Amino acid sequence: MKKILSFLTLLLCAVGVNAQDPVTINSMEIRGTLPGMNWDEGIAMTAGEDGIWYLNLSGVELEAGTYECKATANGNWTDYVLPNSDNYQVLISETGTYDLVFRASTVAHTLTVTAQKQAASELFELLTLAGDAAYVAGKCLFIEAESGSATITVKAGERTQTAIMEDGIAMIEIEGSAFTAGTFTIFADKEITLTKVSLFENPDATTGTQIWPAAVEPFDYTAIAITPADRSEVESLKNFTLTFGTQIVTVNDQPSIVLVNTGNNDEVAHGIISLNADGSALISLDQDVTAPGNYQLAIENAILFNGTAIDPLSFKYTIAGMADFTINPAEGKVVSLSTFTITFNNYKVELAEDANAYLFNRVTEDEIAADVYEISGGAALYVALTEEITAYGEWQLNIEGAKRMDTEEAVELIFDYTIENPSEIRTMAIVGDFTGGWDLEKAVAMQQNDETNIWTLYLEGVQIEAKKYEYKAIANGSYEGYQLPASGNQDFVFGTNEYPAGTYNLTFTVDTEAHTLTLVVDKQAQPAEGTTLTLSGNASYTEGKAFMIEAADEASATLTITAGEFTYEEIMEDGVAMFVIENDAFLTGDFTIKADKDITFTQVTLLPNADAASGTQIWPGIPTGITNVAAAQSVVIFNLQGVRLNKAQKGINIINGKKVMK
């Protein structure tokens, strides 16, 4: 009997039964060296029937080699383990993706593991991006495609992450630091077209930063310049140079570059394009075109910006000689537009029944209708606008539906005009010694007041030397149009007793109806520092009026006012003192305001009475009768009498040339 028991004990140990009392098994888990598990913490199994526990792991990436595992019960190593000794070994002969099935029987006391290699699926490389510190764990890659569903795989270093794309959108949350260095690549299990990749702060974010394709500024067509210049008259056409400002372009080795005679629409030459070392492009035609006529250079699919062809370009030229047609008035600058006559030199034209003519404003896109007629048997066309146009602007006359009688070919009739009416003043500026020179770039703009014929400019704190200053007013930014004076320059002489060198406020006024330019100069007075301020008396200082005396820094002092034989004393508090005139001693001679300490006087104002809220500033001295002042550098305030104020007073004020009620 003893021998039998020993044999049973050995047998039970061989199949994995613990040589211990039976235990209640509440849970089972797999621990080991397989991905996602370790010996300290395992993956929970699921209880089945008859003491069977299962665990299925799908899509496990395994390198070729041997892996070990063990099943433990109740979350510890002491209650129950399978196998009882050693570890279960899983042999992987080939690197790949596997489906693993773990089966533990607590009845038969066995552990089995099956590893089924998944069939390899082709991965399509979609995009490789550079990793940097911005791709930290927790952030997300938001991947977009044109459409469709797919399995998206992202590989960064040794790390691989997958996500399912549905309706063209997939989100992958970055794990680990593999994305912060080197590159990472996006794959799919089918061919799809990526459209955008964005970096989101977290999976719940609604917006992110686009990281592919790189955001670029749109191409600036206004930076393009061509030599010979567009719409110029030349002797021949052969080579052209295109520049693009600071933009970097490449060129296509199979462009479409055609020179067309717009008189008969014949393609007279074709061109090639090459890039110069300075970033400009050279276009060379396959022949030198010298025949007189009007031509259009059409450039398409020739210039690439950020790898994409820019829009087609078109330039017009005239080779001197007999043009196919002429127009009166000729293209260019005009004063007004009302009627046109187009004369054909080499053929006659006829108009289709649905022929159309109109004048188009290239800025506002307004269209002015026109009537068009054949005259002289088709040797000319007459165009009449439904209204005369005199307003400044860039205009284009378009005539559609004309064709040659000899060839039935359409005739392109597009003519460009700029209306510049000298009598229409759109802007006004001062140029000269006060503004830094006669260069138009140094002109200082004036301001029109209330859409009247009055323009003003106020310059404050101008440092003036003892000399003659010259200046002029010009309209529309040009010397060619309206200017004041009409000839020569206006001048003002400083250095006299009345206008010594110093700091001045200047007010320029232009009246375009009276054709006058005036300048009012106001020498800035410096604050009186010390104890005494002496002012001149006149008939305005009558009994009952009051002086409001102000000082800087909210000073407090005792003031003594002396006028003739009369002396008065007032207390200044917080920089303000009020003194009511009691006699006629102020009508003649000077009067003196003296403080019992050094203070800085800033202003003396004459008030109608002690209760008045505002009055007339009498010191520092200011000009009177100034109107239409426009602020150029600071706020300027006057009352209705033209007296300048330091601040707005109760009632009506003129602030920067406009009436304002306070």
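The values are calculated or read from the model by the stated rules, or taken from the named source; none is laboratory data. These figures come from a predicted structure and were not determined experimentally. Reconstructed Cβ throughout: ideal geometry from the backbone, glycine too, with neighbour counts over all protein chains shown. Side chains are part of the model used for accessible areas, which takes the heavy atoms of the whole protein and leaves out ligands, DNA and RNA. Shrake-Rupley method; radii C 1.70, N 1.55, O 1.52, S 1.80 Å.
Quick notes
- In sequence order, calculated HN-Hα J values of segment 596-605 (Karplus, 6.51, -1.76, 1.60; Hz; x Gly/Pro): 8, 8, 6, 9, 10, 5, 10, 6, 10, 10
- Cα gyration tensor of segment 292-414 - equivalent ellipsoid semi-axes, whole Å, descending: 27, 21, 15
- Restricting the calculation to Cα atoms, every distinct pair contributes to the Kirkwood radius of segment 72-121, found to be 12.8 Å.
- The chain, relative contact order [Cα under 8 Å, separation at least 6], %: 5
- Table column - 3J(HN,Hα) (Hz), segment 461-472, Karplus curve with 6.51, -1.76, 1.60, x for Gly and Pro: x, 7, 7, 10, 8, 7, 6, 8, 10, 10, 7, 7
- Extension gain for residue 124 to residue 334 (0.36 nm times residue separation, less C-alpha to C-alpha distance): 69.2 nm.
- Cα-centred dipole magnitude for segment 319-388, charges only on beta-carbon of K, R (+1) and D, E (-1), debye, nearest 20: 400
- Carbon + sulfur, % of accessible area of segment 320-458 - ligands and nucleic acids excluded, 1.4 Å: 46
- Using alpha-carbon coordinates, inclination of helix 2-15 to the longest axis of the chain, degrees: 30
- With a Förster radius of 41 Å applied to the beta-carbon distance between residue 95 and residue 217, the computed FRET efficiency rounds to 0.30.
- Top positive-direction residue, dipole computed over the chain with Cβ charges, set 531, 225, 496: 531
- Convex hull volume of the Cα atoms of segment 100-146, normalised per residue: 208 Å³.
- For residue 555, the residues whose amide H sits under 5 Å from its own are 575, ignoring neighbours fewer than 5 places away on the same chain, with H placed 1.01 Å from N.
- Normalised contact order of segment 355-492, rounded percent, pairs of Cα under 8 Å and 6 or more residues apart: 17
- The value given for segment 188-346 is a Kirkwood hydrodynamic radius of 19.1 Å, derived from the mean inverse Cα-Cα separation.
- The Cα atoms of segment 377-468 define a convex hull whose projected area, averaged across directions, is 11.3 nm².
- Cβ-Cβ distance of residue 147 and residue 202, R₀ of 25 Å, FRET efficiency by 1/(1 + (r/R0)^6): the value works out to about 0.45.
- Convex hull volume of the C-alpha atoms in segment 250-327, normalised per residue: 110 Å³.
- For segment 280-297, the Karplus equation 6.51 cos²θ - 1.76 cosθ + 1.60, evaluated at θ = phi - 60°, returns couplings of 7, 10, 10, 10, 10, 7, 7, 7, 8, 8, 10, 5, x, x, 9, 10, 10, 8 Hz by residue, with Gly and Pro reported as x.
- What the Cβ-Cβ distance of residue 233 and residue 286 gives, at R0 = 22 Å and to the nearest 0.05, is a FRET efficiency of 0.45.
- Along the axis of the charge dipole computed for the chain (Cβ charges of +1 for Lys and Arg, -1 for Asp and Glu, origin at the Cα centre), the listed residues 585, 283, 561 are led at the positive end by 561.
- Scattering profile of segment 121-271 at q = 0.18, 0.19, 0.20 Å⁻¹ [log10 I(q)/I(0), Debye over alpha-carbon scatterers]: -1.03, -1.13, -1.22
- Restricting the calculation to Cα atoms, segment 469-527 yields a radius of gyration followed by a Dmax of 13.8, 45 Å.
- Only the Cβ atoms of Lys and Arg (+1) and of Asp and Glu (-1) were treated as charged; on that basis the dipole of the chain about its Cα centre amounts to roughly 1580 debye.
- Hull-based mean projected area of the chain, where the convex hull spans the alpha carbons, in square nanometres: 60.7
- For the chain, the solvent-accessible area with a 1.4 angstrom probe is 53 square angstrom per residue.
- Calculated SAXS-style log₁₀ I(q)/I(0) at q = 0.13 Å⁻¹ - segment 259-300, Debye, Cα scatterers: -0.33
- Relative to the current alpha-carbon distance between residue 277 and residue 511, full extension at 0.36 nm per residue lengthens the span by 78.8 nm.
- Take every Cα pair under 8 Å whose residues are at least 6 apart in sequence, average their separation, divide by the length of segment 430-504, and the relative contact order is 30 percent.
- Evaluated at q = 0.21 Å⁻¹: base-10 log I(q)/I(0), Debye formula over Cα of segment 417-556: -1.26
- Positive-end ranking of 198, 242, 215 along the dipole of segment 138-249, with charges on Cβ about the Cα centre, is headed by 242.
- For residue 196, the aspartates and glutamates whose Cα falls under 19 Å of its own Cα, not counting residues fewer than eight places away in the same chain, are 125, 132, 144, 146, 166, 167, 173, 204, 217.
- Taking amide hydrogens as placed 1.01 Å from N in the peptide plane, the amide H of residue 618 sits under 5 Å from those of 604, 605, 606, each at least 5 positions away in sequence or on another chain.
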